[in-house]
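The structure under discussion appears below in the form of structure tokens.
The values are calculated or read from the model by the stated rules, or taken from the named source; none is laboratory data. Since the model is a prediction, treat every value here as computed from it, not as a measurement. Backbone-built Cβ (ideal geometry, glycine too); neighbour counts: all protein chains shown.
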Amino acid sequence: MSTITPAMLLAFDTSSAACTAALFDSSGKCVASTDEAIGRGHAERLVPMIAELLAGRRPDRIVVGIGPGSFTGIRVGIAAAQGLAIGWQAEITGMSSLGLLAAGGRDKGTIAAAVLGGHGELFVQQFDAGSMVPKSGLINAPPSEAAAAIQAEVVIGSGARRLIDARGWGDAREAWPSAADALRLTNDQRHMPPKPVYARAPDARLPEAA
């Protein structure tokens, strides 16, 4: 039987090829975390992963990655967070998946997160590597346009190589978000509405009425 553990926070993200979750205690210490590069299958793996991570503990706060990234993955994560929040009567907020990705870097200065989007485009955003304060808005653009807008030497994420190749210089690091870095985000970056941030409209659309 699970028991409520006051002031514990569960963070997870399913916006990428990884399925990642972490549990933090009242002091902000990460007491358990797991990261799995699964590609697809978030819907089948996420809830069992969380159950294994919690080991009977029941947090009173949930923060979930809201994108941008995989449309399907984002929806799976938010739906799971909403279901758990209802069942546990827990507070739920959203966090920037690009911010979470950038938080995995431990460099000084400015760092950029870049992930592959649809139609060969990239989702990109720059952050201060120390404070994690955003240094640019969220950009959804072809690699050439994204490259022209990003000045950070270090670019991290699934789209890093495409951006660096288009720009011709810099340090590309392929990586996925890790929920263990959730508390490195600014308060604003992890207290967002728990709604998807797609950055562009999904390809699938409802048919228009005749």
| message | For segment 54-71: of the residues being in contact with a Pro (Cβ under 9 Å, 6 or more places away or on another chain) and not in a loop (DSSP other than H, G, I, E, B), which is nearest to residue 101 (Cα to Cα)? | response | 65
| All positions within segment 18-31 that are small (Gly, Ala, Ser) and buried (at least 17 other Cβ atoms within 10 Å of the Cβ) | 18, 21, 22
| Taking the condition surrounded by fewer than 17 Cβ atoms within 10 Å (Cβ to Cβ), touching a helix residue (DSSP H, G or I) at 6+ places or on another chain (Cβ under 6 Å) and more than 21 Å from residue 196 (Cβ to Cβ), does residue 131 pass? | no
| request: Filter segment 165-189 down to residues that are in a loop (DSSP other than H, G, I, E, B) and among the aliphatic types (A, V, I, L, M) and give me whichever is modelled with the lowest pLDDT. | output: 175
| remark: If we ask which residues in segment 119-151 are within 17 Å of residue 175 (Cβ to Cβ) and assigned to a strand (DSSP E or B), their number turns out to be 6
| remark: Within segment 61-74, of all residues that are at pLDDT 95 or above and more than 12 Å from the chain's Cα centre (by Cα), the one farthest from residue 121 (Cα to Cα) is 61
| field | Single residue of segment 1-17 satisfying the filter (surrounded by fewer than 16 Cβ atoms within 10 Å (Cβ to Cβ) and more than 15 Å from residue 91 (Cα to Cα)) that is modelled with the lowest pLDDT | value | 1
| query | In segment 174-196, is there at least one residue being surrounded by 14 or more Cβ atoms within 10 Å (Cβ to Cβ), within 12 Å of the chain's Cα centre (by Cα) and among the basic types (Lys, Arg)? | reply | yes
| Can you tell me how many residues in segment 81-118 are in a strand (DSSP E or B), farther than 19 Å from residue 192 by Cβ and not hydrophobic (A, V, I, L, M, F, W, C)? | 1
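What about residue 45, is it in contact with a Cys (Cβ under 8 Å, 6 or more places away or on another chain), farther than 19 Å from residue 158 by Cα, surrounded by fewer than 19 Cβ atoms within 10 Å (Cβ to Cβ) and not aromatic (Phe, Trp, Tyr)? If you could, list the steps in order and put the result at the bottom.
On the way: in contact with a Cys (Cβ under 8 Å, 6 or more places away or on another chain): yes; farther than 19 Å from residue 158 by Cα: yes; surrounded by fewer than 19 Cβ atoms within 10 Å (Cβ to Cβ): yes; not aromatic (Phe, Trp, Tyr): yes.
Criteria met by residue 45.
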| said: If a residue must be closer than 20 Å to residue 39 by Cβ, without any contact (Cβ under 8 Å) to a residue 60 or more places away in the chain and of a type outside the set (A, V, I, L, M), how many such residues does segment 158-184 contain? | reply: 4
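Those residues that are in a loop (DSSP other than H, G, I, E, B), of a type outside the set (Ser, Thr, Tyr) and either in the same structural domain as residue 160 (by TED's automatic domain parsing) or modelled with pLDDT of 90 or more (or both), I need them from segment 18-53; list them, please.
The first filter runs over segment 18-53 and keeps only residues in a loop (DSSP other than H, G, I, E, B), leaving 25-29, 38-41.
Remaining after also requiring of a type outside the set (Ser, Thr, Tyr): 25, 28-29, 38-41.
Selection gives 25, 28, 29.
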| Consider residue 119 against the criteria (1) more than 24 Å from residue 21 (Cα to Cα); (2) at pLDDT below 95; (3) in contact with a strand residue (DSSP E or B) (Cβ under 9 Å, 6 or more places away or on another chain): it satisfies all of them except one. Which criterion is unmet? | (3)
| field | Extreme residue, farthest from residue 148 (Cα to Cα), among residues of segment 108-121 that are more than 15 Å from the chain's Cα centre (by Cα) and not hydroxyl-bearing (Ser, Thr, Tyr) | value | 108
